[in-house]
């Protein structure tokens, strides 16, 4: 299964701390700042409103920020916009930044990329690193301006000089996109990741996992996915789960993988539903196999393989409504290779030959019933095609007679009955079941070898198993 690589959106930041610079003598401003630090937001708002009346532009910005965040004051978004506008007009760089963000988002005002550009530019001229970063975003995507990779690179570089981790990340992504410098992306990714930016940790892990820009290091990739997962980053939780299922970069742990997939899916990371559906379908990681629930999970995934898997699963569920032939405890006409292998493992059948790139599996069959020596299963793709059980020549006619009578009890009168099971000689007993399976008991003569076969109908000529194929 291919790992899902989600290119995270370019980041736009809203300043999340209040401006702490006040003019000398602004006692009410400082009282508001003290209340804010103590998380007494209603009281902080009252102090800053008084400071606003005294003409403090920083107080206007801070009250606007609290309204924007819904801290202590329940007001419409448009009021935050008004206060940001007033503070921005008085030169507060942080207000100019956040005013640009509101125009970018269309929050409290109609969305306007040109207005966002205007206010980001004013803030950037005052040295605000996040505003410079956001201008890089706008130029990288052509939002409100003509798309210009060179200008985006320049803005990200300026913001990176201020040690802004978001700028480090987006500078790395832009370098990866342009392919101009193969070594630089890792430098910037590592710098942002070490600053604790979860998105950067995720990208660094992805790059280390596939080796595209950083050289492959599965163990290190797992480490960075874990750090981002610790910050509740759903894409990283998903990718870490993939590594836990496969054992890449460390030990396998399907139970932990299921937990991470469930967590990522709850947080809205849709691809996690696909792998979770697979684990549910196959009953892995401590889950009870549940095909109906698996189909629902596949439907929530955007990935093509999950949609294809759901289609096949729905076909199998429909098939089982009409299934008749039973083998290995399965509705064999509707079974896939992984289901058959799981059933043989449950029954304790010892494998003779199991190779994923071959169209068949072979097992010792002595645990199926008395006299059985070998089970050969042929697949069409991963769908069951043909099963043949070989019995040793020494099986007595009475033993064959009991077998045929047992099958008659399960499936009724056979379509063809040539020869007598309780006597020596050639024998062919055949049923055509309601699910299309052709069930056949055949005894060759004079060697006395008995074969029991379950064959799926097919429009194409079917290969027959090699009777004496070496394991």
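The values are calculated or read from the model by the stated rules, or taken from the named source; none is laboratory data. Keep in mind it's a predicted model, so treat the numbers as computed, not measured. Backbone-built Cβ (ideal geometry, glycine too); neighbour counts: all protein chains shown.
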So, in region 116-138, how many residues would count as being free of Cβ contacts under 8 Å to residues at least 24 places away in the same chain, in contact with a helix residue (DSSP H, G or I) (Cβ under 6 Å, 6 or more places away or on another chain) and surrounded by fewer than 22 Cβ atoms within 10 Å (Cβ to Cβ)?
0
Residue 345 passes all but one of (1) outside any strand (DSSP E or B); (2) in contact with a strand residue (DSSP E or B) (Cβ under 9 Å, 6 or more places away or on another chain); (3) under 21 Å from residue 455 (Cβ atoms); which number fails?
(3)
If you go through 323, 333, 306, the only one that is modelled with pLDDT of 90 or more, part of a helix (DSSP H, G or I) and touching a strand residue (DSSP E or B) at 6+ places or on another chain (Cβ under 9 Å) is 333
Can you give me the ranges of the helices (runs of 4 or more DSSP H) entirely in region 189-296 with at least 3 residues that are in contact with a helix residue (DSSP H, G or I) (Cβ under 8 Å, 6 or more places away or on another chain), touching a residue at least 24 places away in the same chain (Cβ under 8 Å) and over 27 Å from residue 163 (Cβ atoms)?
234-246, 254-266, 271-282
Do we find that residue 151 is out of contact with any helix residue (DSSP H, G or I) (no Cβ under 6 Å at 6 or more places or on another chain) and more than 28 Å from residue 79 (Cβ to Cβ) in this structure?
no
Looking only at strands (runs of 3 or more DSSP E) that fall completely inside region 354-424, which ones have 2 or more residues that are surrounded by 19 or more Cβ atoms within 10 Å (Cβ to Cβ)?
360-364, 372-380, 383-391
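Every residue, every condition in (1) surrounded by 17 or more Cβ atoms within 10 Å (Cβ to Cβ); (2) within 29 Å of residue 140 (Cα to Cα); (3) at pLDDT 70 or above; (4) more than 43 Å from the chain's Cα centre (by Cα), yes or no:
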site: 25; (1), (2), (3), (4): no, no, no, yes
site: 29; (1), (2), (3), (4): yes, no, yes, yes
site: 34; (1), (2), (3), (4): no, no, yes, yes
site: 43; (1), (2), (3), (4): no, no, yes, yes
site: 65; (1), (2), (3), (4): yes, yes, yes, no
Scope region 425-449; condition under 26 Å from residue 378 (Cα atoms) and assigned to a loop (DSSP other than H, G, I, E, B); matching residues:
426, 433, 434, 435, 436, 437, 444, 445, 447, 448, 449
Could you please let me know if residue 343 is outside the structural domain of residue 295 (by TED's automatic domain parsing) and buried (at least 17 other Cβ atoms within 10 Å of the Cβ)?
no
